[in-house]
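First comes the structure, then the notes that go with it.
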Amino acid sequence: MKQITLILAIMLAGMTAYGQQLFFEAYSGYNLTAYNGMTYNESKGYIPIGFKIAGGHEHVQIGIDYRQHITNPTYQLGAAGVDLVTYDFEETFYGAFLRGNLSTLPAYRFGLIGSVGAGYYNPKINSYLGEGTDNKQGTTEYDRKLGYNFYLGISAPIYAQLHWEIGYQLNMVDHVLDGEVLNAGNYHSIHVGLSGNLVFGNTEKKCRRVIKKGRSNY
């Protein structure tokens, strides 16, 4: 995994060095599980937090993404005469993505955002005796698994090159233990982010000309 991370870092550095735009974003939102296993098939909501950074052309960038949970999706299992057990799923994700922005001036104006990504999902499940999460019984770490995500959203400026962004993302990955697929670990994401969009070189000059021309027309 260290080799993959190094390759992604080199790719990002190269895109930034020869590109015209740098994008970075802190984000959170609301996730909803779409597991299809016999046990964990009920949809549960939880809150993530993550960070993205990308570089490249003003309309297309390649970057890296890191995400983990603030809260976890939780399930309670039990039957008559059997102690109730609570399970929650933790996960970290790190990977790469290709991002496109359909806008006349992506760093300064409203835009339609689309991206595709791939990376490693690292889930684990914690078990607790009873209804709460005070009496921990143990943790099972699933296999690190390559998965994919697809995103569609909108971005608009708050001030200058500082933007808000909101969108929907589908995450597709399996929960695997010792090489055996237990169930799909897919989930939906409502993404809410705050991003900076820095432009350089010829792109910056072009943006300034367009903005100046627009102002002179009023």
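Worth a mention:
- Estimated FRET transfer efficiency (residue 192, residue 129; beta-carbon r; R0 25 Å; 0.05): 0.10
- Debye intensity ratio in log₁₀ form over the Cα atoms of region 110-170, taken at each q of 0.22, 0.23, 0.25 Å⁻¹: -0.86, -0.90, -0.97
- In straight-distance terms, cross-link reach from residue 44 covers every one of the aspartates and glutamates whose alpha-carbon lies under 18 Å from its own, apart from those fewer than eight places away in the same chain; here that gives 88, 90, 91, 131, 174.
- Mean projected area in nm² (Cα convex hull; one quarter of hull surface) for region 63-195: 9.7
- Over region 51-145, relative contact order from alpha-carbon pairs under 8 Å, at least 6 apart, %: 25
- For region 46-200, the solvent-accessible area of protein heavy atoms averages 47 Å² per residue (probe radius 1.4 Å; ligands and nucleic acids excluded).
- Residues whose placed amide H lies under 5 Å from that of residue 71, excluding near-sequence neighbours: 47
- With every protein chain in place, region 117-169: carbon and sulfur % of accessible area (1.4 Å): 53
- Mean separation of Cα contacts under 8 Å, 6 or more apart, over the residue count of region 111-152: relative contact order %: 53
- Remark: region 128-139, residue by residue, has Karplus-estimated 3J(HN,Hα) of 9, 7, x, 7, x, 10, 8, 9, 6, 9, x, 9 Hz, where x stands for each Gly or Pro and the curve is 6.51 cos²θ - 1.76 cosθ + 1.60 at θ = phi - 60°.
- With R₀ set to 25 Å, the beta-carbon distance separating residue 181 from residue 24 gives a calculated FRET efficiency near 0.10.
- Between residue 110 and residue 39, residue separation times 0.36 nm minus the direct Cα-Cα distance comes to 21.3 nm.
- Among 56-63, 96-103, the order from most to least packed when residues are scored by Cβ within 10 Å on average: 56-63, 96-103
- Kirkwood-type radius of region 70-147, with distances r between different C-alpha atoms, in Å: 15.7
The values are calculated or read from the model by the stated rules, or taken from the named source; none is laboratory data. Being a predicted model, the structure only gives us computed values, none of them experimental. So basically every Cβ, Gly included, is an ideal-geometry build from the backbone, and we count neighbours across all protein chains shown. Side chains are part of the model used for accessible areas, which takes the heavy atoms of the whole protein and leaves out ligands, DNA and RNA. Shrake-Rupley method; radii C 1.70, N 1.55, O 1.52, S 1.80 Å.
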